1. Return the residues of segment 82-95 that are touching a strand residue (DSSP E or B) at 6+ places or on another chain (Cβ under 8 Å) and either surrounded by 17 or more Cβ atoms within 10 Å (Cβ to Cβ) or outside any loop (DSSP other than H, G, I, E, B) (or both); say none if nothing qualifies.
2. Which of the residues spanning segment 55-80 are surrounded by fewer than 16 Cβ atoms within 10 Å (Cβ to Cβ) and without any contact (Cβ under 8 Å) to a residue 40 or more places away in the chain?
3. State whether one or more residues within segment 60-83 are farther than 21 Å from residue 18 by Cβ, touching a helix residue (DSSP H, G or I) at 6+ places or on another chain (Cβ under 7 Å) and modelled with pLDDT of 95 or more.
4. Filter segment 107-132 down to the residues that are farther than 16 Å from residue 71 by Cα and touching a residue at least 24 places away in the same chain (Cβ under 8 Å), then identify the one that is farthest from the chain's Cα centre (by Cα).
5. Which one is surrounded by the fewest Cβ atoms within 10 Å (Cβ to Cβ) among residues in segment 18-52 that are more than 19 Å from residue 128 (Cβ to Cβ) and in contact (Cβ under 8 Å) with a residue 60 or more places away in the chain?
6. Any idea which residue in segment 51-63 is nearest to residue 82 (Cα to Cα), counting only those that are in contact with a strand residue (DSSP E or B) (Cβ under 6 Å, 6 or more places away or on another chain) and assigned to a loop (DSSP other than H, G, I, E, B)?
């Protein structure tokens, strides 16, 4: 009898720590311990004796999920020295990282011991102004992230309340009955036919332009009128008449036409007389 295989149930651990991502780091930062208490306006770096720091450490901004921590560690061994967790519940970040009032390169950190929960205030300074600017930019980016996250949570809660009917009537996006949706079929073909006709007309016009005036069909000129009368009227004028003035040529033509009329009249008389005989 064949044995039935069984799948073993695998239980995944639920206490897996979230991955950490280093958002910003600086090789060299200076820690000042202890620092004098703040005045009425805030902390001042000129009271720290900044040339006598306690220790040089590596400074990192480490993100894990929705939280961020300022981590101070040894430059060579990477041993943890202290951590400053940043608030993510809407509390101002200045409660954890506070800039001094007389310099842009020095800050006051509120470091917390994870085991005991105790906290202390220490000073942090940077040699280069660009390092201090990068540290401040990292804090600003985290502040913007918290603000966007808060706005997204508000929008999500509002959407869920509307879906559950708590924030007003629920919207119905379904199609209603007896709705007629007009569809235009064949419009594309007619447009293609119109476009083809327009292209044909355009090609004909272009061909006419290329061929020039020769492409135009013109009517032939009218033929010359035939002369009336005998050989005298149809004969070409003499060289002397051709060289004369237009008035003389007209008079000669009139005189040449007059004998033809006389001959016609005479020919008519001859016809009538022959009939009479």
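The values are calculated or read from the model by the stated rules, or taken from the named source; none is laboratory data. What you see is a predicted model; the values in this text were computed from it and never measured. Cβ atoms come from the backbone with ideal geometry, glycine included; neighbour counts cover every protein chain shown.
1. Of segment 82-95, the ones touching a strand residue (DSSP E or B) at 6+ places or on another chain (Cβ under 8 Å) are 82-86, 88, 95.
Residues satisfying the conditions are 82, 83, 84, 85, 86, 95.
2. As a first pass, look at segment 55-80 and keep what is surrounded by fewer than 16 Cβ atoms within 10 Å (Cβ to Cβ): 55-56, 64-67, 74-80.
55, 56, 67, 74, 76, 77, 78, 79, 80 - these are the residues of segment 55-80 that are surrounded by fewer than 16 Cβ atoms within 10 Å (Cβ to Cβ) and without any contact (Cβ under 8 Å) to a residue 40 or more places away in the chain.
3. no
4. Looking at the filtered set, the residue picked out is 127.
5. Selected residue: 41.
6. The first filter runs over segment 51-63 and keeps only residues in contact with a strand residue (DSSP E or B) (Cβ under 6 Å, 6 or more places away or on another chain), leaving 53-63.
From the residues that got through so far, the ones that are assigned to a loop (DSSP other than H, G, I, E, B) too are 53-54.
Numbers: 53: 16, 54: 13 Å.
Per the stated criteria, the residue is 54.
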